[in-house]
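Taking it in order: structure first as structure tokens, then the write-up.
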Protein chains: 4
Amino acid sequence: MTSEAHYYEQFRENVAGRANVETTPELVAYYRELERFEAGALWTVANKIEPWEPASTSVPVLWRYRDLREHVLRSVALVTPEKAGRRVIYLNNPGRRDVSAAVGWLYSGLQVMNPGECASTHRHSASALRFIMEGQGAYTIVDGHKMTLGANDFVLTPNGTWHEHGVDAAGTPCIWQDGLDIPFVNAMEANFYEVHPELHQAVGYPVDDATATWSGTALLPHGHGWNKPYSPLFKYEWGPTYEALQRLCGATEGSPFDGVLMHYINPITGGPVMPTIGASMQMLRPGFHSRAHRHTGSTVYQVAKGQGHSVIGGQRFDWQERDIFCVPSWAWHEHANGSATDDACLFSFHDLPVMHALRLYREEALHDHGGHQPVAASR
Amino acid sequence: MTSEAHYYEQFRENVAGRANVETTPELVAYYRELERFEAGALWTVANKIEPWEPASTSVPVLWRYRDLREHVLRSVALVTPEKAGRRVIYLNNPGRRDVSAAVGWLYSGLQVMNPGECASTHRHSASALRFIMEGQGAYTIVDGHKMTLGANDFVLTPNGTWHEHGVDAAGTPCIWQDGLDIPFVNAMEANFYEVHPELHQAVGYPVDDATATWSGTALLPHGHGWNKPYSPLFKYEWGPTYEALQRLCGATEGSPFDGVLMHYINPITGGPVMPTIGASMQMLRPGFHSRAHRHTGSTVYQVAKGQGHSVIGGQRFDWQERDIFCVPSWAWHEHANGSATDDACLFSFHDLPVMHALRLYREEALHDHGGHQPVAASR
Amino acid sequence: MTSEAHYYEQFRENVAGRANVETTPELVAYYRELERFEAGALWTVANKIEPWEPASTSVPVLWRYRDLREHVLRSVALVTPEKAGRRVIYLNNPGRRDVSAAVGWLYSGLQVMNPGECASTHRHSASALRFIMEGQGAYTIVDGHKMTLGANDFVLTPNGTWHEHGVDAAGTPCIWQDGLDIPFVNAMEANFYEVHPELHQAVGYPVDDATATWSGTALLPHGHGWNKPYSPLFKYEWGPTYEALQRLCGATEGSPFDGVLMHYINPITGGPVMPTIGASMQMLRPGFHSRAHRHTGSTVYQVAKGQGHSVIGGQRFDWQERDIFCVPSWAWHEHANGSATDDACLFSFHDLPVMHALRLYREEALHDHGGHQPVAASR
Amino acid sequence: MTSEAHYYEQFRENVAGRANVETTPELVAYYRELERFEAGALWTVANKIEPWEPASTSVPVLWRYRDLREHVLRSVALVTPEKAGRRVIYLNNPGRRDVSAAVGWLYSGLQVMNPGECASTHRHSASALRFIMEGQGAYTIVDGHKMTLGANDFVLTPNGTWHEHGVDAAGTPCIWQDGLDIPFVNAMEANFYEVHPELHQAVGYPVDDATATWSGTALLPHGHGWNKPYSPLFKYEWGPTYEALQRLCGATEGSPFDGVLMHYINPITGGPVMPTIGASMQMLRPGFHSRAHRHTGSTVYQVAKGQGHSVIGGQRFDWQERDIFCVPSWAWHEHANGSATDDACLFSFHDLPVMHALRLYREEALHDHGGHQPVAASR
């Protein structure tokens, strides 16, 4: 058999309803003929392109902050923000190096900025958020709204908004995690990029006015004309988030798979913060060990508080505060708080809004082994 | 001319496009003939039923709490909750006595309850809210969710929910304002009423679980299955509301007609708390005197904090904390804070969700006299 | 007992959870005192304003076309359109004479126009439709769109649109039924009326362009900017409607209460044609006799085709083509086709969009007597 | 300079706000170090992953039916439906061979079936449609609803529906075009595939009941409980579509870029037929030559009627009835009817519903050269 024939043979499945065509010399000649017309025989690829269930090309990865932090800080000496555009170490999933993704179609990186530094203003079709990891004095300006930022706060810079990041001269070096859908928007062949004509934008509103305007408890300002497809509450603060989780702990058992999990929302619609990226925070009670489930959609986690471990695709990952890890689409995953006395909190961002909007979300609970995955190896 | 003819003549208008038919004996005979068939000639009523603009049958009224309070308290001695159903003094607009409304199609009353008392559980198609005016220990149970209530808190008991009100034995006599759309739902010929088969319902959740679950700042619990047409956050507390207004004051000038005005929302939709009744709270800065405007829809105000006056339909009403007043549909109105040092807050409920849903909302600013109404008389 | 006391006594109910307060002289004095403050005791009216279920003030009525037609035609000689505004005989429900309604909050009338006549252009907050009963050459212009109209076609003139009706000089005298929500919009105190400054509007589009643009089968024109709250397909033609009902007859049993019933929709939203008035057409197969049900909301029917009878609130009404009848809110009703060989079709308009939008819709099937009402009397 | 350094250098841009870091040995060492931790320096890839505007990896292709038809028919002799699963020749864009796509993330193929043949029933997360090109007797069954199909009809088999295709024994060999989002759903790592346990499904409704139920002109059946995210009108027939286009021609100039273009809709929502694939039909009037524009999103066209040419990305493609061609995302394109006397119609399917749902749609008109592209070469 020729290697050409071998190629076609590999995808055959002997199952009713699946392609199972024996490769003959006549067929190989036919296939070659089809290629001349930019065409092919479906049965040669059908089983490959219609898998029984998703098999992600991403692999689970844990990025330890103690590994990355020094390299992030080292970049300060190596490059300037002006030359680098943004001084970021990005997370490169071994299975997604071709698209520079942390998992699936999601990009993530750690950015560092010194007091007094400020990146130039730009905008792009990719949507973004940044989650503050350490430092004092960080701020972000989005379409003229300036937000001051502290640890575990996160801020949106949605599709099409002019935005810039900086650190006050009176601050300390700041590190934060960026989350974007650059790989996805590239894949959709819809990414545009623009540098602000004046490189920086003016602050046009009172500092933190978005918080003052939109963070009321079930209250919206009269006559707001907001009709953009993303949340006007650009900043989500850690303080009220942690309080909300604690309150919710008093009212619910939570999910067996996720503990006490809340989704950040657009207060005007109750929907996700941006059309393509959702963000969530969950609390694992002391001693809580979730059961395993899997679902479509990719997630990047950051440990906002505490320590513990997750089992992802049968592999155990031990995490501490500030570590980052990812769960690929349709991978089994479960989370455990490592402390018997303190809660642990996981921040996450994901493409679940896309999965829901396009009706591609599917979820499954693990029923075997008491709902827990056999663990292949610790990492 | 006969009195019959006189009747028809009164609606004539000598304007192109309006009915202007001279009443003749022949026509009167014709009209009589039509009556036999349950019919009439449109031109005899057209100008009456198609006014140039709305003329409300409600009149502006101020109900002073210092007048009503003693009468409300007196009812405690006069009737029991068991006999009265609910021990309520309702507000009876002189123009709406036929439908027992405070204004337009909105009902309002002041209810009093002694410690240890509890009304029986019922439900109805009318939607309701209660706003706490004084006392300790008030609570409401809605479909098994028990809410504890303090001054300036308000609670929803939406269309179709089992609900009961009570005061803890350890509390003090409590007075609150009820707001309902009973007249509207009656007018729509859609009101149903049911007494709970066991007269009281069980509390099925942790006390104040609705607050614990739904009052996060731009956060919603994962996997909530809420699909009812009203807010799951049954209770709206005064503390975070006042804080939100203060914060918003730092970010906006507010409306020239309403000062700093926020609407209570259903956190799942960003829409009104119930389909037929909306609720709002506004802050008038020290010294603020709004400009006048008018709009379709009826509103009942309660002074949550401070003192001042409103001019409604050219009439001045001076108000203090706990006073209640109403603004009829399409009546000019403006509000003034009477203090140069303290803010004033007005709670209100209204039928604006109906006006918006049915596309009947219209608004107009007063342009004459610097935006202020000439005042006919103080009252 | 005084007559005052008698008044209060009449609403007492000896049922737990209902008001049942004995009227004493002390209480009567108290009630008088409350009146001074524009207030009252709820328990004196609670049972009246919170009925166990809706009791409509409308009564079922059948308006026979053979009765009304001659009177409608006679109006041509009696008044001019210029003087009358519109030459209409309106249907006056005996229970709703105060608001000139045919049933509930719905107005209906029969309008006649001679060839060459044309009413002046106006607009109002009330929404309207007209259903063509007889004649050639009728047309309506809505915001510059001219629609030609034949028997059983109907046309929308929604809230706020400039509209005028006329009959081509080459046509014949035309009679149509008007349906409006004037009483409702008046009740909501939201009705505005305006005569076109030039009394007539220009036709700004090709004749019947709305049909050409919006009547595709599950097709919408690219890039339409339509964002009004009503259907852009102003005219709904009888031909495709009848065909659709016939086709649907081949695919469904239909409803036991309504036979094969379809609702006219806004093709852009799938929702009702206007926010406050819905329209429907139903086919009763030969020999079909529906079971009885009742629901909230008021309906006006016109017999578009065939003959038969309806039982409404226990009363039988025999109808023929062009007759009009009404079903009040929460009245039991059932329909029967009087022919064993031909189908019958009922056009209807109703306020169900309001009932649904405000969540006041409720429905109940009659279970007794095999689902049929005992008939009190023929009429 | 090492080849490693060369690699990094290639993406530098000397523009403010873009990455422009000189590659030094120290940096190369740093980059290597980062790789150990599954990380990288953003500035080495930033300009690559954040392009100024989309550059599609797809190329414009025209598939001539006269080329493909014989090869499609030849497959009948070469493989059975049982062995092949489906006997399809798929269109393989030279730039998208890795994902077997016709353009972008859209798959398309030509399927042939002989009378009496029937594929086995399956379902998958990919959404699909088929457009009938030739033959008599084709049918499709979707979740128990059987649809008969003629030339230029198309049928939906949405995400998750059981479906099977066949040709009646009394028919003729049939060829149709399949359109699916298999590549997209695979990319989203959300594709599931299932063969019906009994290989075939029962027909559970009258033949063509979906058409009978849902194809009324602006009419929907009462009480339909349809809440699926796709259109219940599975079949869209050519006859009423062509009539609608002709009617619309009488009411509009149409778009300068697309002529008279209509989108197939879900009649319940007015939205696209499926969440991930939209379908459209456009009429080019005799002699019409559109102006050029470009937009995000990928499109596959089939010539339903007539002949002409399109210029895509500066390349001219002459087409006849049944030819297929594609327009990649953000490629300039314009269409011309080749006849001065007959209209031409283009059917198309595309991922515009995705672009709109995720707010990634952007459009631009060509302003130079009178709105027409300079043509590089005919093909």
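Of the numbered conditions (1) open to solvent by 20 Å² or more (accessible area, probe 1.4 Å); (2) more than 30 Å from A:A126 (Cβ to Cβ), A:G314 satisfies every one except a single condition; which is it?
(1) is the only condition that A:G314 fails.
Within the group C:S120, C:S100, C:S108, C:S56, which residue is modelled with pLDDT under 95, among the hydroxyl-bearing types (S, T, Y) and surrounded by 14 or more Cβ atoms within 10 Å (Cβ to Cβ)?
Within the list C:S120, C:S100, C:S108, C:S56, the selection yields C:S120.
Please work out which one of (1) of a type in the set (K, R); (2) more than 21 Å from A:H124 (Cα to Cα); (3) loosely packed, with under 15 Cβ neighbours inside 10 Å is the condition D:R69 fails and give its number.
(3)
Which of the residues belonging to the range D:333-353 are among the hydrophobic types (A, V, I, L, M, F, W, C) and open to solvent by less than 20 Å² (accessible area, probe 1.4 Å)?
Result: D:A336, D:A344, D:C345, D:L346, D:F347, D:F349.
Here are the criteria: (1) open to solvent by less than 20 Å² (accessible area, probe 1.4 Å); (2) outside any strand (DSSP E or B); (3) in contact with a strand residue (DSSP E or B) (Cβ under 8 Å, 6 or more places away or on another chain); (4) more than 9 Å from chain B (Cβ to nearest Cβ). Tell me which single one A:T276 does not satisfy.
If we test A:T276 against (1) open to solvent by less than 20 Å² (accessible area, probe 1.4 Å); (2) outside any strand (DSSP E or B); (3) in contact with a strand residue (DSSP E or B) (Cβ under 8 Å, 6 or more places away or on another chain); (4) more than 9 Å from chain B (Cβ to nearest Cβ), just (3) comes out false.
Only one residue in C:P267, C:P286 is at the interface with another protein chain (Cβ under 10 Å from one of its Cβ atoms) and modelled with pLDDT of 95 or more. Which one?
C:P267 is the lone residue from the list that is at the interface with another protein chain (Cβ under 10 Å from one of its Cβ atoms) and modelled with pLDDT of 95 or more.
Give the number of residues within the range A:338-366 that are in a loop (DSSP other than H, G, I, E, B) and of a type outside the set (S, T, N, Q).
Matching residues across the range A:338-366 total 11.
Considering only residues of the range C:232-254 that are surrounded by 21 or more Cβ atoms within 10 Å (Cβ to Cβ) and at the interface with chain D (Cβ under 7 Å from one of its Cβ atoms), which is nearest to C:L220 (Cα to Cα)?
Looking at the filtered set, the residue picked out is C:L233.
Inside the range B:198-214, can you point out the residues that are open to solvent by less than 40 Å² (accessible area, probe 1.4 Å) and either within 12 Å of chain A (Cβ to nearest Cβ) or under 21 Å from B:V273 (Cα atoms) (or both)?
B:D208, B:D209, B:A210, B:T211, B:A212, B:T213, B:W214
At the interface with chain D (Cβ under 9 Å from one of its Cβ atoms) and touching a strand residue (DSSP E or B) at 6+ places or on another chain (Cβ under 7 Å): is that true of A:A55 in this structure?
no
How many of the residues making up the range D:13-30 are more than 7 Å from chain A (Cβ to nearest Cβ) and crowded, with 18+ Cβ neighbours inside 10 Å?
Looking only at that region, the number is 1.
What residue, of A:L42, A:L106, A:L78, is at the interface with chain D (Cβ under 9 Å from one of its Cβ atoms), among the aliphatic types (A, V, I, L, M) and farther than 30 Å from D:E198 by Cβ?
Answer to the check: A:L78.
For the range A:335-379, which residues satisfy the criterion of being of a type in the set (G, A, S) and either within 14 Å of chain D (Cβ to nearest Cβ) or in contact with an Asp or Glu (Cβ under 9 Å, 6 or more places away or on another chain) (or both)?
A:G338, A:A344, A:A357, A:G371, A:S378
Yes/no matrix, rows are residues, columns are (1) in a loop (DSSP other than H, G, I, E, B); (2) within 14 Å of D:Y139 (Cβ to Cβ); (3) in contact (Cβ under 8 Å) with a residue 60 or more places away in the chain:
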| position | (1), (2), (3) |
| --- | --- |
| D:E164 | no, yes, no |
| D:E189 | yes, no, no |
| D:H200 | yes, yes, yes |
| D:V207 | yes, yes, yes |
| D:T213 | no, no, no |
| D:K228 | yes, no, yes |
| D:P232 | yes, no, no |
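Quick check on the range A:259-290: of everything there that is touching a Leu at 6+ places or on another chain (Cβ under 9 Å) and of a type in the set (V, I, T), which residue is farthest from A:P229 (Cα to Cα)?
Ranking the candidates gives A:V260 first.
Being without any contact (Cβ under 8 Å) to a residue 40 or more places away in the chain and either part of a strand (DSSP E or B) or not assigned by TED's automatic domain parsing to the domain that holds B:I89 (or both) is true for just one of B:H335, B:H369, B:H309. Which residue is that?
B:H309
Suppose we filter the range C:168-197 for residues that are crowded, with 23+ Cβ neighbours inside 10 Å and more than 20 Å from C:I277 (Cβ to Cβ); how many remain?
So the count comes out to 1.
Of all residues in the range B:215-230, which are open to solvent by less than 40 Å² (accessible area, probe 1.4 Å) and more than 7 Å from every other protein chain (Cβ to nearest Cβ)?
Matches in the range B:215-230: B:Y230 only.
I'd like the full set of residues that are open to solvent by 30 Å² or more (accessible area, probe 1.4 Å) and outside any strand (DSSP E or B), limited to the range B:317-332.
Within the range B:317-332, B:Q320, B:E321, B:W332 meet the criteria.
Using the structure shown, decide if B:Y139 is buried (at least 19 other Cβ atoms within 10 Å of the Cβ), more than 10 Å from every other protein chain (Cβ to nearest Cβ), in contact (Cβ under 8 Å) with a residue 24 or more places away in the chain and among the hydroxyl-bearing types (S, T, Y).
It is true that B:Y139 is buried (at least 19 other Cβ atoms within 10 Å of the Cβ), more than 10 Å from every other protein chain (Cβ to nearest Cβ), in contact (Cβ under 8 Å) with a residue 24 or more places away in the chain and among the hydroxyl-bearing types (S, T, Y).
The values are calculated or read from the model by the stated rules, or taken from the named source; none is laboratory data. Remember, it's a predicted structure, so these values are computed and weren't measured experimentally. So basically every Cβ, Gly included, is an ideal-geometry build from the backbone, and we count neighbours across all protein chains shown. Surface accessibility is based on the protein's heavy atoms, side chains included, excluding ligands, DNA and RNA. Shrake-Rupley method; radii C 1.70, N 1.55, O 1.52, S 1.80 Å.
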